[in-house]
Amino acid sequence: MHTRHLLIILLLISMVTLLIPKPAAAIPAVTFVLGTMIGDSLSEVLQVRLARLTKGFENAPILGGRMGWSFFPFAVEGSLLYSPSAIDSTGGDSFGASIMYAEVEAQMLILPGPVSPFFGGGIGLHSIKLQVGTTPRETVIGYVFGGGVRATFGTLGLRVDIKDHITPLKITELDPNFVDALGTAVSNNLHNIEFSGGITIKF
């Protein structure tokens, strides 16, 4: 009798186990990114050299890639982005100032369907190279916040991102050549805004 009850219980447990949907595995995806970086204006927040008033970073293209995994309602992704920007000054001249972002971001997906808005934030390395003088480069820990919309069509998808890449520049920790080329005398947070689109491939 006890054996029969045990078999029935095991059978019921097996049936329930089979009926419960198994959680989907995290889905890896790669996104190719192309967009615009809206450059930060520096003239109102930085003290500058007398010889030149630094205006800020030019608007410039931004391109690169993202690789991430999603498991609703969460997602995590790494980004590697590059912008061949420049620094403007009131004298009419400018010099190159390329920026590279290597970031890791945690995101929250708002809807589970094929079209899903999302928002998130993260941290990473921000590297700025100035094409002037000794071509000084500074790499600091920066932050990123923003969101966008993903649309999925099978293994392919499209997405739009709007993000603020925040780069802290602490004068006491910067190369003097970099400080002199940029024309700054105080610490500041740069806010370069990314507006981009992308094509996503899921595996």
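Only one of these is touching a strand residue (DSSP E or B) at 6+ places or on another chain (Cβ under 9 Å), polar (S, T, N, Q), under 26 Å from residue 177 (Cα atoms) and surrounded by 20 or more Cβ atoms within 10 Å (Cβ to Cβ): 83, 94, 79. Name it.
It is 83.
Conditions (1) among the β-branched types (Val, Ile, Thr); (2) at pLDDT 70 or above, marked per residue:
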| position | (1), (2) |
| --- | --- |
| 3 | yes, no |
| 22 | no, no |
| 37 | no, yes |
| 51 | no, no |
| 58 | no, yes |
| 68 | no, yes |
| 78 | no, yes |
| 98 | no, yes |
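I'd like the full set of residues that are within 30 Å of residue 182 (Cα to Cα) and β-branched (Val, Ile, Thr), limited to the range 98-117.
Within the range 98-117, 99, 104 meet the criteria.
Please verify whether the range 168-190 includes one or more residues that are modelled with pLDDT of 95 or more and within 23 Å of the chain's Cα centre (by Cα). Step through it out loud before you land on a result.
Within the range 168-190, the subset modelled with pLDDT of 95 or more is none.
No, the range 168-190 contains no residue that is modelled with pLDDT of 95 or more and within 23 Å of the chain's Cα centre (by Cα).
On the basis of being within 30 Å of residue 119 (Cα to Cα) and at pLDDT below 50, does residue 45 make the cut?
For residue 45, the condition - within 30 Å of residue 119 (Cα to Cα) and at pLDDT below 50 - is met.
The values are calculated or read from the model by the stated rules, or taken from the named source; none is laboratory data. Keep in mind it's a predicted model, so treat the numbers as computed, not measured. Glycine also receives a Cβ, built like all others from the backbone with ideal geometry; neighbour counts cover every protein chain displayed.
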